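A quick write-up on the structure given underneath.
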Amino acid sequence: MIRNVVLVKLKAGADAAEVAEIQDGFRNLDCPGTVSYTLGDDLGLRDGTDFADVASYRAYDLDAAHNRYRARLGPLAEQIARVQFDLPAG
């Protein structure tokens, strides 16, 4: 299983309503192979997105709906950091 973690630091003054709409869009994505999808505002701890395998992650990365939300979020972000890693079985 692949864990994908994305951290976004929003620009000062980013529109909270637009951010909430983008978050809802991400929550409603239905990309094949996505095991779970969790996101929210920073509370100091954050779960990532889990995928069944590398192929599922790559399909998600190329998904048109996912990329529309990603494109909308980019201009609101000051920084975006991403990492993917294997989750141990069990």
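The values are calculated or read from the model by the stated rules, or taken from the named source; none is laboratory data. Owing to the predicted nature of the structure, the values given are computational and were not obtained by experimental measurement. Note: ideal-geometry Cβ built from the backbone for every residue, glycine included; neighbour counts use all protein chains shown. Surface areas here come from the heavy atoms of the whole protein model, side chains and all, with no ligands, DNA or RNA. Shrake-Rupley method; radii C 1.70, N 1.55, O 1.52, S 1.80 Å.
Key figures for this structure:
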read-out: Number of positions in the range 16-41 that are under 20 Å from GLN84 (Cα atoms), among the small types (Gly, Ala, Ser) and out of contact with any Phe, Trp or Tyr (no Cβ under 6 Å at 6 or more places or on another chain); value: 2
read-out: Selection count where residues are touching a helix residue (DSSP H, G or I) at 6+ places or on another chain (Cβ under 6 Å) and either open to solvent by 80 Å² or more (accessible area, probe 1.4 Å) or without any contact (Cβ under 8 Å) to a residue 60 or more places away in the chain (or both), scope the range 67-83; value: 2
